[in-house]
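The block underneath contains the structure these notes are about, expressed in structure tokens.
The values are calculated or read from the model by the stated rules, or taken from the named source; none is laboratory data. This structure is a prediction, so every number in the text was calculated from the model and none was measured. As a convention, Cβ positions derive from the backbone with ideal geometry for all residues, glycine included, and neighbour counts pool all protein chains shown. In case anyone asks, the SASA skips ligands and DNA or RNA and just uses the protein heavy atoms, side chains included. Shrake-Rupley method; radii C 1.70, N 1.55, O 1.52, S 1.80 Å.
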Amino acid sequence: MALQFVRAIVFAFFIWAALVAVGSWAVRTRRINPFGFAGQRIRKLTDPALKPVERWLLERGGNPQNAGWWLLGASVIGGVLVVTFSEWVLVQVMRLSSAGAAGPRSLLRLLLLYAGEIVAIALMVRVIGSWFGVRRYNRWMRPAYALTDWIVKPLSRIVPPIGRIDITPLVAWFLIQFLLSLLLRFF
């Protein structure tokens, strides 16, 4: 029920952003007379939403005439993120409630699963950060390295690189998945 409400809100925001973008485009391209009653009314309704986006675009060297389309794109991407995050939270609440009802052993399994997922995500962040040249001493990368150094450093002594590509994080990911499945069988 709550997820349907979130989806409805996101969809309503998307429709609003689409109307703002189309209205702004119609007035700007003179499909609607900007000095007529309809054009002035549309500008009065769309300007409060578009002015911050125009300012943001100007600061970054963009074209402020595209503010409506940027607003529409942001509403799509933001809507997908909001709905996805809401679904994830709902799944986690259901997991926790079912594990709590099943007893301490299920809670321990769930904690092991969460720990494995966190380390796997930290490995992905570490790899993606290295693609963009973000190094280990960057304040955003320190947690990823702190969570993964315990497995990547010993493996880097054993696993040779393939050319210029270090496959140690990939081997670490497979090893973590194997260990996690092994541990979850025993619990």
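Points worth noting:
- Condition check for Leu182: under 30 Å from Leu3 (Cα atoms), free of Cβ contacts under 8 Å to residues at least 60 places away in the same chain and part of a helix (DSSP H, G or I): no
- Yes/no for Leu112 being in contact (Cβ under 8 Å) with a residue 60 or more places away in the chain, under 30 Å from Met94 (Cα atoms), within 26 Å of the chain's Cα centre (by Cα) and surrounded by 14 or more Cβ atoms within 10 Å (Cβ to Cβ): yes
- Within the stretch 128-154, the set of residues being over 15 Å from Leu175 (Cβ atoms), open to solvent by less than 60 Å² (accessible area, probe 1.4 Å) and part of a helix (DSSP H, G or I) comprises Gly129, Ser130, Ala144, Tyr145.
- Out of Trp88, Trp173, sole residue that is open to solvent by 40 Å² or more (accessible area, probe 1.4 Å), farther than 30 Å from Val53 by Cα, out of contact with any Ser or Thr (no Cβ under 9 Å at 6 or more places or on another chain) and in a helix (DSSP H, G or I): Trp173
- Any chance Arg185 is open to solvent by 60 Å² or more (accessible area, probe 1.4 Å), among the basic types (Lys, Arg) and modelled with pLDDT of 90 or more: no
- Restricting the stretch 44-64 to residues that are of a type outside the set (A, V, I, L, M) and touching a Leu at 6+ places or on another chain (Cβ under 9 Å), the residue that is surrounded by the most Cβ atoms within 10 Å (Cβ to Cβ): Thr46
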